[in-house]
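Peer 1: Here it is, the structure in full.
Laboratory data are not the source of any read-out in this text; all were calculated from the coordinates shown. Quantities reported herein were computed from a predicted structural model and do not represent experimental measurements. Neighbour counts are summed over all protein chains in view; Cβ atoms, including those assigned to glycine, are modelled from backbone coordinates with ideal geometry.
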Amino acid sequence: MARLVAALATVHNPFITAFPDAAPSEQADAVHAGFGLLRAELEHASPDWALVITNEHLRNAFYPYLPPFALGVAPQFQSVEEVRNAGLGAQVVPSDENVASQLLESVWDGGVDVAVTHDLLLDHGTMVPLHFLTPRLDLPIVHIHQATSRGPRPPLKRCYQLGQLIREFVETRPASERVALVGTGGLSHWVGTPRMGEVNAEWDQALLRMLVERRDSDLLSMSNAEIEAAGNGAHEVRNWVTIAGATRGCPAEVLGYVEHIQPWTMGSAQIKFHVQGG
Amino acid sequence: MSAFDIDKLLHSISTRPAWEEFLTQADARMDACNLTRPEREALLGGDARTLYEMGVNEYLLLRYSGWIGLGGGRLTRALVGARREAR
């Protein structure tokens, strides 16, 4: 059985890298400290590959169809140039085609029909976290995109189930293999609406408490309307829910939290799930 | 017409090269999508508020706003008070 050596969750706000000097230094330092702790966790864990779960920002799928989940199967993937809105140029991220193919078969066998793509364009949902966690882009990354950027969205329970199947897959891998999981997205935020720049700190803090206290049933019982109260971007919580499913029963810890960074339009959080193999 | 038609067009021009190419053949592309005059005017005129009120997807709207130079909080200011039609 392979070892799940790290399971992490973080925001992927592109403004952190696009406008690094815009935020008050105290808040910016706190955000960077949170990412620094995540990076230390990942480096200490020394995974052979990582799975990044983020949401489809409608750069790839949308028309003619939008699958609830899409898994990238290719030796490497390209990111889109996002200099203006994320301060990041186009980059190439190595992947592991064999692992991705086997993961796909495994989750299909488990009953979640994830779509497959051989040409997944990455964006800040992946690249902002990687900018902080693996800046050399030398760790093979397997990618799952979840459809959170418009309705209908996959149910939270389905995301959680996918996480459980990911964990089961990891446990079928060779004993020497070390695996990390990273979920990116959230907290409360509004994208492209008149409320852009607001946060729902009460919702954010309730969410973090649910994760830390492992009240997974409460987490999964959130309705779409309750999530929408924290903004259309809050639906990205599904990317964290999938990690929660993969770490069922494991304690969680908030490594960094900043309530509201006005120039960056939202708050920030980084979470570590204490997996047994880590 | 529906917001889906504008969404479809915006989705197809969601990278900078695609947006720049669109600008060289905008009429033909909008003809192909059967956009109405108000939709064309909103799209080419950078009228994010009208596009929002027409129901354009917010993520696509945000990306489009970057192409037309509505960054740095200007999109939010343009949208203040805007109301969406039911979709």
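Peer 1: For B:Glu20 and B:Glu41 in the same chain, what is the full-extension length gain: residue separation times 0.36 nm, less their Cα-Cα distance, in nm? Intermediate results must be reported in sequence, preceding the final value.
Peer 2: Numbers: separation 21, 0.36 × 21 = 7.56 nm, distance 1.74 nm.
Fully extending the segment from B:Glu20 to B:Glu41 adds 5.8 nm.
Peer 1: Which loop trypsin sites (Lys or Arg not before Pro) in segment A:96-205, with loop taken from DSSP, have no more than 10 other Cβ atoms within 10 angstrom of their Cβ?
Peer 2: A:Arg136
Peer 1: At q = 0.25, 0.30 Å⁻¹, what log₁₀ I(q)/I(0) does segment A:143-205 have when each alpha carbon counts as one equal point scatterer in the Debye sum?
Peer 2: So the normalised log intensities are -1.20, -1.32.
Peer 1: Just check the protein assembly as shown against the gyration tensor rule for me: Cα atoms, a ≥ b ≥ c as the square roots of the eigenvalues, rounded for a/c under 1.5, and otherwise prolate or oblate depending on whether a/b exceeds b/c.
Peer 2: Numbers: a/c = 1.71, a/b = 1.47, b/c = 1.16.
Prolate, because a/c is 1.5 or more and a/b exceeds b/c.
Peer 1: Also, quick follow-up: Work out from phi, with θ = phi - 60° and the Karplus expression 6.51 cos²θ - 1.76 cosθ + 1.60, the ³J(HN,Hα) of each residue of segment B:43-55, listed in order in whole Hz, and give x for Gly and Pro.
Peer 2: Karplus-based 3J(HN,Hα) across segment B:43-55 equals 5, 6, x, x, 8, 5, 4, 5, 4, 4, 5, 6, x Hz.
Peer 1: Shifting gears a bit: Provide a whole-number value for the mean count of partner chain Cβ atoms within 10 Å of the Cβ atoms in peptide A:142-152. Mind showing how you got there, number by number?
Peer 2: Values: counts 0, 0, 0, 0, 0, 0, 1, 4, 5, 1, 0.
Counting Cβ atoms of other protein chains within 10 Å of each residue's Cβ and averaging gives 1.
Peer 1: Counting Lys and Arg as +1 and Asp and Glu as -1, what is the net charge of the other residues whose Cβ lies under 14 Å from the Cβ of A:Arg214?
Peer 2: Values: positive: A:Arg209, A:Arg215, A:Arg248, A:Lys272; negative: A:Glu213, A:Asp216, A:Asp218, A:Glu253.
Charge balance in the 14 Å sphere: 0.
Peer 1: How much length is gained on full extension from A:Asp218 to A:His44, taking 0.36 nm per residue of separation minus their Cα-Cα distance? All intermediate terms of the calculation are to be shown ahead of the outcome.
Peer 2: Numbers: separation 174, 0.36 × 174 = 62.64 nm, distance 3.17 nm.
Going from the current span to full extension adds 59.5 nm.
Peer 1: Simple spin-label model, 7 Å along Cα-to-Cβ: A:Asp29 to A:Ala115 in nm?
Peer 2: Distance between the two pseudo-spin positions: 4.5 nm.
Peer 1: In Å, what Rg and Dmax follow from the Cα atoms of segment A:130-278?
Peer 2: 15.6, 51
Peer 1: A further question on this structure: Using modelled backbone amide H atoms (1.01 Å from N, in-plane), which distant-in-sequence or interchain residues come within less than 5 Å of A:Leu181's amide H?
Peer 2: It is A:Ala6, A:Ala7, A:Leu8, A:Leu51, by chain and number.
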